[in-house]
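Novice: Let me give you the structure first, and then I'll get to my questions.
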Amino acid sequence: MNFQADTLSAGALTRRRKAAMIVQMLIGDGGTLSLSQLPESLQETLTGELGAIRRVDRETVAAVAEEFVSELESVGLTAPGTRDGAILAIADHLSPPLAKRLTAQTALIRNGDHWPTVVDLSIERIVDIMTQESIEVCAVALSKLPIAKAAEVLQETPGERARRITFAMSQTADISPDAVRRIGASLAQDYVRSADIAFEKAPVQRLGAILNSTVTDTREAVLEGLGATDPAFASDVRKAIFTFKDIATRIKPTDIPNCIRSVDTEDLTTALAAALAGEEAFVESAEFILSNVSQRMAGQMREDAEERGKVKKADAEAAMSKVTTAIREMTDSGVITLIDPDEGEDEE
């Protein structure tokens, strides 16, 4: 065996080989390195360089170590080098709302893999990717989606564009994991953004809550005007509204006892008295309540309502509002669930 032939000299070392030697020195002394944070292509290169080293003389090892220390000492500043690292480094110095949003983004990222955040985007946002990015990038993105979501995205993508993307998927067989990871990071940077939201609830929910608390005449006038300008929005708002008229169609019979338990007896009596003397929808809701409690209780409630007599409109609306408010509070807290008014149509 020619020992000299197997021994590397300082002049024969590339920067990659020197880096591999430094890694070997560190791990050889029992140190630990977070090499998994490097791109896989660099990990693979490092492994190859390290595998090529057989013997290195003491003088060369000392020279490489001295060069490494010299370079470290010449560095005046180090920074995270990545957006995610920067977020973690300065999160405590940012405004709390911004720090919270940025930290939430990095929490979904593991070992530099941004794909979970991309996959979690809405269908509409992913369709934006399908229509704005290159065909090759779209093919990779579509391949990363769960099958059901990919099918929905493909359905929403324009026909010719969809065909080109599906054809490009046949050309992704040999793409490297590192390339896929870089594509995910790029898409996350461009499309995964937490926009500032002024309101916690959607417009439909906000307007529905407001109209729930308005008097009937005002509510119907608003909905009529809204229906003339934006029928779809008006329809969604009507679904978000819950009034006394909706009790018979949107409350499960078994939930009625819970719904009226927290309502003051006088308010319930006034609401039933007004409803039984009102239009058909009010009568149906009143009878629905009475038919889903015990016969003895229903008899007493009906008798009390009859004794209450005629109710002023303002008093009637106030009492009915107390009943519906109690029901909405139980719905918001998850105690009961309202029946979707579209369920019957879907089943048909």
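Novice: Given a 1.4 Å probe and the protein chains all in place, what does the accessible area of Arg164 round to, in Å² to the nearest 10?
Specialist: The accessible area of Arg164 comes to roughly 120 Å².
Novice: Multiply the residue separation of Lys313 and Asp120 by 0.36 nm, subtract the distance between their alpha-carbon atoms, and state the gained length in nm to one decimal.
Specialist: 64.5 nm
Novice: Also: So between Arg182 and Leu38, what do we pick up on full extension, going 0.36 nm a residue minus the alpha carbon distance?
Specialist: Using 0.36 nm per residue and subtracting the Cα-Cα distance, I get 50.6 nm.
Novice: Using a 1.4 Å probe on the protein chains only, how many percent of the accessible area of the stretch 268-348 belongs to carbon and sulfur?
Specialist: Answer for the stretch 268-348: carbon and sulfur cover 47 percent of the accessible area.
Novice: Per residue, how much accessible surface does the stretch 113-194 expose to a 1.4 Å probe? Answer in Å², no decimals.
Specialist: I get 55 Å² per residue for the stretch 113-194.
Novice: Hey, another quick one. With a 1.4 Å probe and all protein chains left in place, how much of the accessible area of the stretch 134-217 comes from carbon and sulfur atoms, in whole percent?
Specialist: 56
Novice: Can I ask one more? Given 20 °C and 1.002 mPa s, how large is the Stokes-Einstein diffusion coefficient of the stretch 112-227 in µm²/s, with Rh as the Kirkwood radius over Cα pairs?
Specialist: In µm²/s, the coefficient is 128.
The values are calculated or read from the model by the stated rules, or taken from the named source; none is laboratory data. What you are looking at is a predicted structure, and each value in this text was computed from that prediction instead of being measured. Keep in mind that these areas ignore ligands, DNA and RNA; they rest on the heavy atoms of the full protein, side chains included. Shrake-Rupley method; radii C 1.70, N 1.55, O 1.52, S 1.80 Å.
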